[in-house]
1. Scan region B:66-81 for residues that are assigned to a strand (DSSP E or B) and within 14 Å of chain A (Cβ to nearest Cβ) and jot them down.
2. Considering only residues that are surrounded by fewer than 24 Cβ atoms within 10 Å (Cβ to Cβ), over 20 Å from B:Tyr202 (Cα atoms) and of a type in the set (A, V, I, L, M), which ones fall in region B:119-139?
3. Taking B:Ile20 as the residue in question, decide whether it is β-branched (Val, Ile, Thr) and part of a strand (DSSP E or B).
4. Name, by its number, the condition in (1) open to solvent by less than 50 Å² (accessible area, probe 1.4 Å); (2) assigned to a loop (DSSP other than H, G, I, E, B); (3) over 26 Å from A:Thr360 (Cα atoms) that does not hold for A:Ile294.
5. Contact list please: Cβ distance under 7 Å, first residue in region A:80-93 and more than 21 Å from A:Val50 (Cα to Cα), second residue open to solvent by less than 10 Å² (accessible area, probe 1.4 Å) and in a loop (DSSP other than H, G, I, E, B), pairs at least six apart or on different chains.
6. Out of all the residues in region B:186-215, which are farther than 21 Å from B:Thr316 by Cα and either without any contact (Cβ under 8 Å) to a residue 12 or more places away in the chain or within 14 Å of chain A (Cβ to nearest Cβ) (or both)?
7. Of everything in region B:66-104, what is of a type in the set (Asp, Glu) and open to solvent by 10 Å² or more (accessible area, probe 1.4 Å)? Give them in sequence order.
8. Being of a type in the set (A, V, I, L, M, F, W, C), under 20 Å from B:Ala271 (Cα atoms) and touching a residue at least 60 places away in the same chain (Cβ under 8 Å) narrows it down to one of B:Ile431, B:Ile441, B:Ile467, B:Ile488, so name that one.
Amino acid sequence: MTYEPVIGVEVHAQLHTQTKLFCGCPTSFGLPPNTQVCPVCLGLPGSLPVLNQQAVEMAVRTGLALNCELSPTNQFSRKNYFYPDLPKGYQISQYDLPICGPGWLEISVNDKKKRVRITRAHLEEDAGKNVHEEGAEGSHVDLNRAGTPLLEIVTEPDLFSSEEVDAYLKALRDLLVYLDVCDGNMEQGSFRCEPNVSIRPKGQQTLGTKVELKNINSFRYAKDALDYEISRQAELLDEGGKVQQETRLWNVQLGQTAVMRSKEGAHDYRYFPDPDLLPVSIDAEWIEELGGTIPEIPSARLQRFVKDYQLSEYDAGILTDSKELADYFEACVKLFAHPKTVSNWVTGELLRELHSSGVTPEDSPLKPERLVELLELVDSGTVSLKAARELFPELYSTDKTAEQVVKEKGLVQVSDEGTLQTIIEEVLAAHPAQVEQYRGGKEAVIGYLVGQVMKASKGKANPGKVNEMLKRSLTS
Amino acid sequence: MALFKLTLKELQEKFTSGEITAGEIARAYLLRISQVEPKIKSYISLTPREDLLMNAQAIDDGLKAWRKTEPLMAMPLGIKDNICTKGMRTTCGSRMLETFVPPYDATVMTKFNAQKPLILGKTNLDEFAMGSSTEHSAFGPSRNPWNQQHIPGGSSGGSAAAVAADECVAALGSDTGGSIRQPAACCGVVGLKPTYGRVSRYGLVAFASSLDQIGPITKTVTDAAIMLNALVGHDPLDSTSAKRDFPDFTKSAKKKDIKKLVVGVPQEYFAEGLDPEVSEKIQDAIAVFEGIGGKIQEVTLPSTERAIATYYLIATAEASSNLARYDGVKYGFRAKECKELAEMYHSTRSQGFGPEVKRRIMLGTYALSAGYYDAFYAKAQAVRTLIQRDFEAVFQEVDFLVSPVMPTPAFRLGERLEDPLQMYLSDIYTIPASLAGLPAISLPCGHSSKGLPIGLQLMGRPFEENIVLRAAFAYEHATNWRTKRPIIRS
């Protein structure tokens, strides 16, 4: 039988605030265990949480970018369960009053656009980590991560293939990085996804039994795990079996999913409003204020580049792939109003150098001002396009101005008519046969003569000028 | 007169004038404690003698340089053992935290320490402040200084007993459903529960977060005002602490009349179950208020009868979550020889908590469970709102309310230990003000035929501690109960 998968996704995005969600501890990674902690995130008796306003602001900005309804009050609730990495025995999360209500995100799959409905997005604190060292006796708990702010973003079951999930995850990740609220690093766990998937015979309306997938820390695994799970469920149904409602872990080594816990093992989290925290009010004025600070989302920027700068979708796509590169491009265009030329240089020479030196556009040693200077020298004919390309690596890796490099390399283009005339006359005298051919009507031979002049000038002659002057000399 | 018999205000005056030194105060109290403590058992931990004398010496030495004293400087205080004290064991009366030494100070301790008091020790309480008698302390009960066969009340029973027995000049307690007022009534001293949000809860080990409030237990109303001055103020570390201005509360405790104030008498507080002796003393007190210029008005608070049920749902629900952190993983007690995680949780919590705490955790867990939440916790919150509205309506007409603190005088040790419901009913008159977050004071208003103190409760509008203190002071000075002290028999 042919089945259709129906998939919803939960993403946990770590907000890169300066401090944790409910205390003043830093959110830095990779430090020695239990060094980024205080009475609050250790859950010491008597300690109390105080909400981090920066996290609220990031959640509201994300909500606005995801077209979410933002209710005037939201509330934190306690999710109660026991686990060693959860120091208070409950996680402060949001339950019936999340900060962001229904919204949507547009994705594009095989050139078809589609809206994925967002159910909600809510703030919660991260847990610590249990550490099981090989050979060591017992397990240990590291609470450095405990209390780090997470935004959990949940979709409706609107995705119907692993490709769509992939497109959604990438679009969401780009958006969060663009908004500067999350670094989007899946391997380090700052962008975690938990898809849930069910299948149903094609054409059927009712949903099948869903399975939640965990332990997915790359886009690749998300796709692999979903593909595996979809075919596992299809085989099960074809054999007359039933899909169990359960949570399954993706095993990278085996390329399989395996049961983690069944529905019967599900917790009763006993949610109730956290009496230590007041309801959070978000007034309309503040929302409006924050709306103004939201950068354009990647897909909208791509369209604008195509429309305003007359770039191809392909080039605009490369430029808007990272916010920094798009910003770099626009900074250049502001100084030098030839978008197509700028685009060629940025997506060509610049990107090549950036990649080979492993540097982000923001940290590029060649700033837009110096690049534009080079483009102006080309535009004014002071330097040839070819020479400009040749000198680019040096310009990129030093802090010299374009003009300095051009001079040092002796690449200033010769446009002076007196100098050029001397060279032209020498060339014409040395190639009487070609002169004869040209005058006999074989005008294409001028290309050969231009080449000879360029060679004689060691490439410095302005080719346009040479062409024009040669024609004059030959017809006179 | 012996130093330990002085009130906070009197002791403060003698110290400020230079008549006595911090060293003399410390030695006087060390002696008093050594004589009385074996009988009363107010303290779980005492500051070591050498440390206390050193602290006193530092005050006496520093005084010349500082050139000024603070209201609580050199004042010998007891601190309820559920308030975190940096470097000093904080047990909550529980085996679970028997060895727990907090690495930080509660906000109230930071405020106190800035004034350089003499902290004498940590006082006894029912485990995690759950109880009305201190009999639920893992370290054994404290005794009522008026009659050692009787309970001192609870949960701040150690603090109330210590003040009554002159083992400290004043103490801190915490009140969730009556835990400051009820022991103050049992021991014949003054206990003030401030408005919820008035005093920071940061560092107070949580029992029920939406109800817990720290407050003073003292010998007089004036002393309570002095202590309150040192406690109040917004704390950025406690999101529920109020951003409110506060007056100098000692100025409220000055007038000897209550002219122009309307005194409300809620009829529901004089119904079935009230001991006739207690009822009589409260009626006497109402007559005193009338005599000093108050206008007496009968009022009704119809939701009162639902208060106990409401309280035991909300408080236990919050407690079940607040006490989840005692799991043996990070600090405190951990059961020995556990093979795996679930066993460690189970054994640690089974062995570390006493029966009353376990009872409340189970009640609260049940109230929050899927399928029961709406019927229990959500409904209790709705009733809590009704109780608040009752008070709001009544406070349109009256300035403060008068009631008993407890239906009976202090009962005998062991009398209600096997009957938790009877024990819970001893909080019937203190719980409504807790649910509504109101300021309320308990002060002595007479003695039973057996010589046990009886307490009078005054409740006020939110953040109007000044009115409650004014009325309490006027009553205190229209009567002479404050001069009656227990004689501690060997």
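1. B:Ile79, B:Lys80 - these are the residues of region B:66-81 that are assigned to a strand (DSSP E or B) and within 14 Å of chain A (Cβ to nearest Cβ).
2. As a first pass, look at region B:119-139 and keep what is surrounded by fewer than 24 Cβ atoms within 10 Å (Cβ to Cβ): B:119, B:135, B:138-139.
Narrowing further to those that are over 20 Å from B:Tyr202 (Cα atoms): B:135, B:138-139.
B:Ala138, the sole residue that qualifies.
3. On the way: β-branched (Val, Ile, Thr): yes; part of a strand (DSSP E or B): no.
Here the answer is no, as B:Ile20 does not meet what is asked.
4. Single failed check for A:Ile294: (3).
5. Cβ pairs passing all conditions: A:Phe82/A:Gly89; A:Phe82/B:Asp327.
6. Of everything in region B:186-215, those that are farther than 21 Å from B:Thr316 by Cα and either without any contact (Cβ under 8 Å) to a residue 12 or more places away in the chain or within 14 Å of chain A (Cβ to nearest Cβ) (or both) turn out to be B:Val199, B:Ser200.
7. To start, the set of residues in region B:66-104 that are of a type in the set (Asp, Glu) comprises B:70, B:81, B:98.
Scanning region B:66-104 gives B:Glu70, B:Glu98.
8. Values: B:Ile441 fails: under 20 Å from B:Ala271 (Cα atoms); B:Ile467 fails: under 20 Å from B:Ala271 (Cα atoms); B:Ile488 fails: under 20 Å from B:Ala271 (Cα atoms).
Exactly one residue qualifies, and that residue is B:Ile431.
The values are calculated or read from the model by the stated rules, or taken from the named source; none is laboratory data. All of these numbers come straight from a predicted model, not from anything done at the bench. Cβ: placed from backbone, ideal geometry, glycine included. Neighbour counts: every protein chain shown. Heads up: the accessible areas ignore ligands, DNA and RNA and are worked out on the full protein's heavy atoms, side chains in. Shrake-Rupley method; radii C 1.70, N 1.55, O 1.52, S 1.80 Å.
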